[in-house]
1. Would you give the gap between the C-alpha center of the stretch 11-49 and the C-alpha center of the stretch 122-183, rounded to a whole Å?
2. In the stretch 110-163, with Lys and Arg counted as +1 and Asp and Glu as -1 at Cβ, which of these residues, Leu140, Ile123, Thr154, has the Cα nearest the positive end of the dipole, that is, farthest along it?
3. Dipole of the stretch 6-78, Cα-centred, from +1 at each Lys and Arg C-beta and -1 at each Asp and Glu C-beta, to the nearest 20 debye?
4. Roughly how much of Val165 is accessible, in Å² to the nearest 10, using a 1.4 Å probe?
5. Could you please put Thr122, Thr29 in sequence from largest to smallest accessible area, using a 1.4 Å probe?
6. Using DSSP to call loops (not H, G, I, E or B), can you name the trypsin sites (Lys or Arg not before Pro) in the stretch 111-184 whose Cβ has at most 14 other Cβ atoms within 10 angstrom?
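The values are calculated or read from the model by the stated rules, or taken from the named source; none is laboratory data. Keep in mind the model is a prediction, meaning the values are calculated, not measured. Here the Cβ is made from the backbone with ideal geometry for all residues, glycine too, and neighbour counts use every protein chain on show. Side chains are part of the model used for accessible areas, which takes the heavy atoms of the whole protein and leaves out ligands, DNA and RNA. Shrake-Rupley method; radii C 1.70, N 1.55, O 1.52, S 1.80 Å.
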Amino acid sequence: MDANIILDRLPQHVMVDGKEYRIYADFRTSMLFETMMRSSLDDWEKLRQMLQLYYPVVPENCQEAIRQALWFYNCGKMEEEQEEKNQTSRQFRENRVSYSFNQDAPYIYAAFRAEYGINLQTIPSKDLHWWEFIALFDALGERHKIKQIMYWRTCDTSGLPSKEVRRINELRKRYELKDDLSCKAKVTLAQRNQKMKDYVNKRFEEVKRRGRP
């Protein structure tokens, strides 16, 4: 069963080989992780930085440590639940990316300030768990600029009047994402969790086969 953000205590630790390890559970750590994973760093460096970001003490079993960190990053979702429910939409088929914590930071900041009265600049990290942040982010009202930008980046323009298509295409160009992963392997907000997990697991197996220390 998936973790319940209301009924269950939000995790501050994960289990690796039967031992409890503290994990940095604040929203800033996971934002840094996602931004790092969408950078041009090589695969081994991404894995190394991932472990250093999440663990004050890195477990010896690095592969299990990665799996548990990704469970945390996925907000406690079970693997089989990660796949997008609605696979018929054009947005899902085209794997369009909808946001960037780095590039869209001003719009996300403004939305949280207006919607919830939360100042993401000054709130102590310990006061906003990653799972709380994601729940709030996903629930932002459509009136906010970040949600409008996410819509412009991903909406299906087929069937729209040509004038509206031109307008949306202009907005897409204006708000085009620049990070490396957006250009090379696009992911939507709904696909964020499973895509990232698959990527890390695949890279981990590859670097193990290459015999990197």
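1. Taking the Cα centre of the stretch 122-183 as reference, the centre of the stretch 11-49 is 24 Å away.
2. Thr154
3. It comes to approximately 200 debye.
4. 30
5. Values: Thr122 95, Thr29 15 Å².
Sorted descending by solvent-accessible area, the residues read Thr122, Thr29.
6. In loop regions of the stretch 111-184 (DSSP not H, G, I, E or B), the sparsely surrounded trypsin sites (Lys or Arg not before Pro) are Arg143, Lys178.
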